[in-house]
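The structure under discussion appears below in the form of structure tokens.
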Amino acid sequence: MFISFEGTEGVGKSTLIQRLHDYFIGQGKHVVLTREPGGTPLAETIRNLLLAVNEQEQMCVDTELLLIYAARSQHLNQVILPALERGDVVLSDRFTDASFAYQVKGRGLSAEKLELLNQTFVPCMPDFTFWLDAPVEIGMARATARGELDRFEQEKLTFFERVRAGYAQLHQDAPQRIQKVDATQSAEHVFQQVIQLLSRK
């Protein structure tokens, strides 16, 4: 099973993923816990490029998108696809839905560019996606409390409002795959709700 986790900054994805990892291990499953961008040494190097704040040169949006898909291709071929072939459970912090929300809706890139990259380089989609949703102000307050903000986290609230709207559109277009979870609840309530949704699945 391939499960992805989506949402704007500070919605609690990392906490939920770790708890689900432990839950599946307790069920006797082989679990791969990974993230995007990243997941392999090379993809993590690309992640560092994407998140770094560069005062001298602003990264153009096409470069951002292509770097993300370079990391994604490496991630798929080195981690996700082999794990699924083995029959493992894959838990990924973000996948292609993030590219729609952040680059298409947030940055304003054309959906056609994204679709072309998906058709060319993404041979599989998650079986199930949890969209952890919370008001942008709440998520950003949590992110700020964690410490220094990366290049994405330094965007204006209006950017994250567009990203959140992008996730809402994805949820509307694919309600069977993408399940909305209220991330303003406690971590325990979020975890229990996700377990219930998985049980139905």
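The values are calculated or read from the model by the stated rules, or taken from the named source; none is laboratory data. Nothing here was measured: the structure is a model prediction, and the numbers come from that model. All Cβ positions, glycine included, derive from the backbone under ideal geometry; neighbour counts span all protein chains shown. Surface accessibility is based on the protein's heavy atoms, side chains included, excluding ligands, DNA and RNA. Shrake-Rupley method; radii C 1.70, N 1.55, O 1.52, S 1.80 Å.
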Only one of LEU67, LEU84 is open to solvent by 20 Å² or more (accessible area, probe 1.4 Å), at pLDDT 95 or above and over 24 Å from ARG164 (Cα atoms). Can you tell me which? LEU84
Here the qualifying pairs (Cβ atoms under 9 Å; residues six or more apart or on different chains; first in the stretch 187-198 and touching a residue at least 60 places away in the same chain (Cβ under 8 Å); second among the acidic types (Asp, Glu)) come out as VAL190/ASP182
Filtering the stretch 17-31 down to residues that are over 23 Å from THR96 (Cβ atoms) and more than 18 Å from the chain's Cα centre (by Cα) yields ASP22, TYR23, ILE25, GLY26, GLN27, GLY28, LYS29, HIS30
Cβ-Cβ under 8 Å, sequence separation 6+ or interchain: first residue in the stretch 108-122 and surrounded by fewer than 14 Cβ atoms within 10 Å (Cβ to Cβ), partner of a type in the set (A, V, I, L, M). Which pairs? GLY108/VAL61; SER110/VAL104; ALA111/VAL104
The stretch 37-68, residues that are of a type in the set (S, T, N, Q) and without any contact (Cβ under 8 Å) to a residue 24 or more places away in the chain: THR45, ASN48, GLN56, GLN58, THR63
For residues that are open to solvent by 70 Å² or more (accessible area, probe 1.4 Å) and either touching a Phe, Trp or Tyr at 6+ places or on another chain (Cβ under 6 Å) or more than 18 Å from VAL11 (Cα to Cα) (or both), tally how many sit in the stretch 161-201. 8
Residue that is outside any loop (DSSP other than H, G, I, E, B), modelled with pLDDT of 95 or more and exposed (fewer than 14 other Cβ atoms within 10 Å of the Cβ), where the choices are ILE25, ILE17: ILE25
Looking at the structure I just gave you, is GLU148 at pLDDT 95 or above and out of contact with any Asp or Glu (no Cβ under 8 Å at 6 or more places or on another chain)? no
Condition set closer than 17 Å to ASP62 by Cα and outside any helix (DSSP H, G or I), scope the stretch 95-147, selection nearest to the chain's Cα centre (by Cα): answer is ARG107
With the first residue restricted to the stretch 123-141 and required to be over 15 Å from VAL194 (Cα atoms), and the second required to be of a type in the set (Ser, Thr, Tyr) and open to solvent by 40 Å² or more (accessible area, probe 1.4 Å), Cβ contacts under 8 Å at 6 or more apart or on different chains are ALA134/THR184; PRO135/THR184; ILE138/THR184
Check on THR129, among the hydroxyl-bearing types (Ser, Thr, Tyr) and open to solvent by less than 40 Å² (accessible area, probe 1.4 Å): yes
Being in a helix (DSSP H, G or I), within 15 Å of ALA98 (Cα to Cα) and under 17 Å from the mean Cα position of the chain (by Cα) is the filter here; which residues of the stretch 32-61 pass it? ARG47, LEU50, LEU51
